[in-house]
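For reference, the structure discussed in these notes is given below.
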Amino acid sequence: MSRLAIQGVGKTFPGVAGGAPTQALLPVSLEVADNDFITILGLSGCGKSTLLRLVAGLEEPTSGRILLDSAPVAGPGADRGMVFQSYTLFPWLTVRQNICFGLRQKGMAAAEQREISDHFIAEIGLRGFEDHYPKQLSGGMQQRVAIARALANSPKILLLDEPFGALDNQTRVLMQELLLGIWERERKTVLFVTHDIEEAIFMASRVVVFTRRPGRVKTELPVPLPHPRPYTIKTAPEFTALKARLTEEIRAEALAAAA
C-alpha cells in the first residue's frame, strides 16, 4: 500500500476581480511508496507547488482526494513536514528553539527536546550554532535549520518546495548532498519540487515530469542510480542519459507553452 495516494486531484482557483478562473491542475494521480524520494519537475507556474500545498493541506482540491496512510488529508497536520523556498524560521528564536518549536507544541519534556534537537543539529552540521538567531546565519544555514525543524517532528512525509532555489550554486550543491545524506540515513518519504533537471535526478528515486499549466503528470522516470550518491555521479553516462531525456521533455513543454 502506498504511503501517499493522490487520486484524480485537480485544482481551479477562482477568478480575480471578476476574471476567469485559473485551472492550475488537471486531475493528477500519483502513488508514493514508503521511504520513496520523488522529485516533481516542471516549468514555473505548471502547478507543481500547488500540488505540494494540497498534500500539505494548505489548499483544498477542487476534485479528487489525497490519502496519507489511507486517511484523507483534510488540512495541515504534524504528519507532514513542509519546507519552503523562502526562509521561514522564527526570527526571535534561536536555532535550537526553532528546531524544538513543534516539540514544545506537543508538550514534550525539555530533556527529550534537547536530545532530539542535538541529533538533528549534528545531522545538519550546525554544532556550535545552537544559540544563534536566524539573522546571524547564512541562507544555506537557515534552510538546514528549516529541514531539521521539519524532521524533528518525525513526519510521515517531508514536503520540500524548491528549498534550495534561492541559494548560490555552490551552496545549493552542498545542500543537495546534505539532504540526500539525511534521507539515506533517516529513510523518510520525500516529495521534492524543483525546476532544476540535475537536482531532480541527483535527489530522486523517481522523477515525475509535469506538463505546462494546467499541470498533469506527463512522465514518470525511475532513477536507477546507486546509493550513496557522490556529487561526481553527475558526470556518469547513466546520469547524462537521464538528463538528456528530461531536458527534451521540459523543452517540449516550454515550446508548447510559448506557442
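Here, each number is a calculation from the coordinates, and none is a lab measurement. Remember, predicted model here, so these are calculated numbers, not experimental data. Methodologically, a virtual Cβ is constructed for each residue, glycine included, from the backbone with ideal geometry; neighbour enumeration extends over all protein chains shown.
Below, the figures for the structure above:
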{"item": "Rounded tilt (10° steps) of 237-258 against the dominant C-alpha axis of the chain", "result": "60 degrees"}
{"item": "Ascending count of other beta-carbon atoms within 10 Å, so fewest first, for 129, 210", "result": "129, 210"}
{"item": "20 Å reach of a label modelled at residue 86, 7 Å along Cα-to-Cβ, counting backbone N of the range 155-199", "result": "159-168, 193-195"}
{"item": "Percent RCO, i.e. relative contact order, over the range 121-259, from Cα pairs under 8 Å lying at least 6 residues apart", "result": "18 percent"}
{"item": "Highest-fluctuation residue, 156, 11, 135 considered, GNM on the chain with Cα pairs under 10 Å", "result": "135"}
{"item": "Fewest-first ranking of 188, 243, using other Cβ atoms within 10 Å as the exposure measure", "result": "243, 188"}
{"item": "The chain, Rg to Rh (Cα coordinates; Rh as Kirkwood inverse mean 1/r)", "result": "0.97"}
{"item": "Computed over the chain: relative contact order in percent, which uses C-alpha pairs under 8 Å that are six or more apart", "result": "26 percent"}
{"item": "The range 76-122-the range 33-54 distance, computed between alpha-carbon centres (Å)", "result": "24 Å"}
{"item": "GNM flexibility winner over the chain from 171, 235, 94 (Cα, springs under 10 Å)", "result": "235"}
{"item": "Net length gained if the chain between residue 105 and residue 186 were fully extended (0.36 nm per residue, minus Cα distance)", "result": "26.9 nm"}
{"item": "The chain: angle of helix 139-152 to the longest principal axis, Cα-based, in degrees nearest 10", "result": "80 degrees"}
{"item": "Relative pair counts by distance (%), Cα atoms of the range 90-154, 5 Å bins", "result": "3, 21, 36, 25, 12, 3, 0"}
{"item": "Mean Cα-pair separation over length for the range 48-131, i.e. relative contact order, pairs under 8 Å, 6 or more apart, %", "result": "21 percent"}
{"item": "Two-decimal Rg to Rh for the range 1-114 - Kirkwood Rh, Cα set", "result": "1.04"}
{"item": "The range 90-154, dipole about Cα centre (Lys/Arg Cβ +1, Asp/Glu Cβ -1), debye to the nearest 20", "result": "200 debye"}
{"item": "Cα-based helix-to-principal-axis angle, 169-186 vs the chain, degrees rounded to 10", "result": "80 degrees"}
{"item": "MRE, 222 nm, helices only [DSSP H, n ≥ 4, -39500 (n - 2.57), over the chain, to nearest 500]", "result": "-11000 deg cm²/dmol"}
